[in-house]
Amino acid sequence: MATPMARADNAHVRRYFDKLAPKYDRSMQRCERFFLGHGREWATARASGEVLELAVGTGLNLPQYPSSSKVVGIDLSEQMLAVARTRISGCGIGDRVRVEPGDVQVLGFSEDSFDTVVSTYTFCTIPDPAAAAREAFRALRPGGRFLLVEHGPSTSRVAYAAQRALDPLFVRFQADHITRDPVPYVAGAGFGVDEVHRSKAGIVFHVAATKSS
């Protein structure tokens, strides 16, 4: 379960992304084009079966999933979900994709419900990432995969020092923890971590993990 503090912090996250929703796609696509790279493609290409996307946002990933998959995306922000629903309608994928409000720290799904859980650039803003990782583990079927794309602490001492200096500002104004390493949360939830690829001075993480069968 999420802690009381995490649930309180949800309000900060929701307010920020409700306000950002109309500009999110343009801002994120620019950031990915010039720095973060093709993490969305990496994650969605590996997803299969019944898929849960954590903090789906405006649904940038949704058209990229294999047509054989069934996808459910959840998010705190109704304004972000409104953009996602427009995308689903415009892409004609409503027969296999849906989004709904939800808290990734306290999922409203039974255990062993999904074959794949996907998270792209979301663990940085989740108030209690350990709870989110545990919930992803619970919701996955045995043998299911958790595919995570994230930014985190640089392996460059100079870059990491700059991140540490800027982190309080990012947390305050963008609900974004830029020095948060996602891997310990994944491993700590019980997953077997199969792959960790890091790029861009170690800042960009691609993580694949499995729930033991």
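The values are calculated or read from the model by the stated rules, or taken from the named source; none is laboratory data. Fair warning: this is a prediction, and the values are worked out from it, not measured in the lab. Virtual Cβ from ideal backbone geometry, glycine too; neighbours counted across all protein chains shown. When the accessible area is computed, the model is the full protein with side chains, heavy atoms only, and any ligands, DNA or RNA have been set aside. Shrake-Rupley method; radii C 1.70, N 1.55, O 1.52, S 1.80 Å.
Computed quantities for the displayed model
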| item | result |
| --- | --- |
| Number of positions in segment 53-71 that are touching a Ser or Thr at 6+ places or on another chain (Cβ under 6 Å) and hydrophobic (A, V, I, L, M, F, W, C) | 2 |
| Total residues in segment 76-99, condition among the β-branched types (Val, Ile, Thr), in contact (Cβ under 8 Å) with a residue 40 or more places away in the chain and open to solvent by 50 Å² or more (accessible area, probe 1.4 Å) | 0 |
| Single unsatisfied condition, Val51 versus (1) more than 23 Å from Arg172 (Cβ to Cβ); (2) part of a loop (DSSP other than H, G, I, E, B) | (2) |
| Condition met for Leu36 (at pLDDT below 95, more than 14 Å from Thr116 (Cα to Cα) and surrounded by 12 or more Cβ atoms within 10 Å (Cβ to Cβ)) | yes |
| Residue check for Thr86: modelled with pLDDT of 95 or more, hydroxyl-bearing (Ser, Thr, Tyr) and over 26 Å from Pro153 (Cα atoms) | yes |
| For Thr58: the one exception among (1) under 16 Å from Leu81 (Cα atoms); (2) open to solvent by less than 30 Å² (accessible area, probe 1.4 Å); (3) out of contact with any Lys or Arg (no Cβ under 8 Å at 6 or more places or on another chain) | (3) |
| Residue satisfying all of: in segment 145-188; over 23 Å from Ala11 (Cα atoms) and touching a residue at least 60 places away in the same chain (Cβ under 8 Å); farthest from the chain's Cα centre (by Cα) among these | Arg145 |
| Residue match in segment 189-207 (condition: free of Cβ contacts under 8 Å to residues at least 12 places away in the same chain and among the charged types (D, E, K, R)) | no |
